[in-house]
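Worksheet for the structure shown next.
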Amino acid sequence: MTNFKHLESELAEVFILDDFLIAQIKEGQHVDKLFFKELKKLIKTYFDKKPFVYISNRVHSYSVDALLYKEIFKVSEIIGIGIIATNSLVNKTLNLKNSFLRNLLKPSRL
């Protein structure tokens, strides 16, 4: 049976399942070091030393400090990252970021 937890803050809604963490940042927010600090607390609480996949459900428009991408790849529990985007502008932005991040991504085996 899958465990499910829903958390909400001023910045985001977070859905935690056994092997996934889904973050849904709220409209107009800026994701910065404070968000990353809170994310690391959630990881420690719900996934301490347990591999999981981080999923960003981009249903709203928000900005992200580009320096955080490098930091998230250092979190040992995260074995995969997925981004769900239904807006074509968001898709174009993600493609641009992907080319920027290419050097940070390393293939892994599950």
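The values are calculated or read from the model by the stated rules, or taken from the named source; none is laboratory data. The shown structure was predicted, so the numbers you read here are calculated from the model rather than taken from an experiment. Reconstructed Cβ throughout: ideal geometry from the backbone, glycine too, with neighbour counts over all protein chains shown.
State whether one or more residues within the range 9-25 are of a type in the set (D, E, K, R), within 22 Å of Ser76 (Cα to Cα) and surrounded by 12 or more Cβ atoms within 10 Å (Cβ to Cβ).
Yes, some residue in the range 9-25 is of a type in the set (D, E, K, R), within 22 Å of Ser76 (Cα to Cα) and surrounded by 12 or more Cβ atoms within 10 Å (Cβ to Cβ).
Take the residues in the range 58-104 that are within 20 Å of Leu11 (Cα to Cα) and of a type in the set (Asp, Glu), then tell me which one is modelled with the lowest pLDDT.
Across the range 58-104, the extreme among qualifying residues is Glu71.
Please enumerate the residues belonging to the range 1-48 that are of a type in the set (D, E, K, R), within 14 Å of the chain's Cα centre (by Cα) and not in a helix (DSSP H, G or I).
Glu13, Asp19, Lys26, Asp32
Can you tell me which residue is surrounded by the fewest Cβ atoms within 10 Å (Cβ to Cβ) among those in the range 26-38 that are among the acidic types (Asp, Glu) and over 24 Å from Lys50 (Cβ atoms)?
Glu27
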